[in-house]
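Following: one structure in structure tokens, then a few remarks.
FYI, it's all coordinate maths here, none of it is from the lab. None of the values given here were measured: they were computed from a predicted structure. With ideal geometry, Cβ positions are generated from the backbone for all residues, glycine too; neighbour counts draw on all protein chains shown.
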């Protein structure tokens, strides 16, 4: 019998579950509080439940608690990168970053990724499976316990394409922002997408107050196709129409993520075209000097060149920042730590 994933249930669903097994409604409140506020790691820690009930829960429900496999701490800025093992043996990575405005966690939404973006290590081994809402949540819960510090901002920008796991993403958002749990503000949550246009329209209809970050990375369809296979399916014009609708429906400013690759998307013409695209939606532009990965030959422009590109955007009245490089000395790019672990595991098996 397949067990129900209890940590992925909303409060309303958990109440219904308790009624279904003949328990009082208040049991749902107790269990939800243990899982999403006290962040316990098993049913055994729910000490206001009887031993009999805890054993019953073990028999009927799966309790998600990720296992830490590896932790790396940057000697440069204190950024921490975590590799977690899931119940089925798959692994995901998450990042904890300290800022003046609070602690941020970047989480994964899938095991691997099938989007195929050329500059990203996450996609090199393809997609294995989607993460359940509980597995997305527990990256945050585990890091909170490991660091002993509250997480104030969450970014769904690690391994995977969140909109390729859309239904689980929505449940995750609901659980994360629920006042009965960690109650992180929607405004402190950022969700990144490579540009699955129908899902941008779908999300707009939810009228959430999260920040949508579009991985744009190019100013023409031709250049974007060279970096991101999704561009063969949706044109930049289709993307801009979807973004304009999202901004109109939600009243939220979109962020355009723009990974700068030397000699590819960093020309004066790119700066002009990017200004026009950002101007259409009032978007904030986040310039990201590309993280090098050994499987690709992409390199970032030098610091002065990136600053000059930024200045060109600002002259066109575009709000723009250069992303602060975090964890460069600890496999900082998305998917690098997981990729290294998989390579090491494969090597060990082949030597047996």
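Out of all DSSP beta bridges with both ends in the chain, state the antiparallel percent to the nearest 5. Intermediate values should be presented prior to the final figure.
Numbers: 20 of 45 bridges.
Bridges in the chain are about 45 percent antiparallel.
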>> Taking 0.36 nm per residue of sequence separation and subtracting the Cα-Cα distance, how much length would be gained by fully extending the chain between residue 253 and residue 147, in nm to one decimal?
In response: 35.0 nm
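Given contacts defined as C-alpha pairs under 8 Å and at least six residues apart, what's the relative contact order of the chain, whole-number percent?
Details: 635 pairs, mean separation 52.0, N = 352.
It rounds to 15 percent for the chain.
Please state the shape class of region 4-62: rounded when a/c is under 1.5, otherwise prolate if a/b exceeds b/c and oblate if not, all from the C-alpha gyration tensor.
Numbers: a/c = 1.33, a/b = 1.10, b/c = 1.21.
Rounded, because the longest to shortest axis ratio a/c is under 1.5.
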> Using alpha-carbon positions, what is the distance between the centroids of region 208-237 and region 117-153, in Å?
Replying inline: 22 Å
>> If you fit an axis through the alpha-carbon atoms of helix 11-20 and take the longest principal axis of the Cα set of the chain, what angle between them do you get, 0 to 90°, nearest 10?
In response: 30 degrees
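Let me have the 222 nm mean residue ellipticity of the chain computed from DSSP H runs of 4+ only, each contributing -39500 (n - 2.57), with the sum over all residues rounded to the nearest 500.
Details: 11 runs with 132 residues, N = 352.
It lands at -11500 deg cm²/dmol.
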>> Shape verdict for region 40-161, please, from the Cα gyration tensor: rounded (a/c under 1.5), prolate (a/b greater than b/c) or oblate.
In response: oblate
>> Could you sort the peptides 21-30, 193-202, 108-117 by per-residue average Cβ neighbour count (10 Å cutoff), highest mean leading?
In response: 108-117, 193-202, 21-30
> How would you rank 228, 46, going from fewest to most other Cβ atoms within 10 Å of each one's own Cβ?
Replying inline: 46, 228
> So for the pair residue 54, residue 1, with labels modelled 7 Å out along Cα→Cβ, what separation do we get in nm?
Replying inline: 2.1 nm
> Tell me, in nm to one decimal, what length is gained between residue 323 and residue 187 on full extension, where the rule is 0.36 nm per residue of separation less the Cα-Cα distance?
Replying inline: 47.0 nm
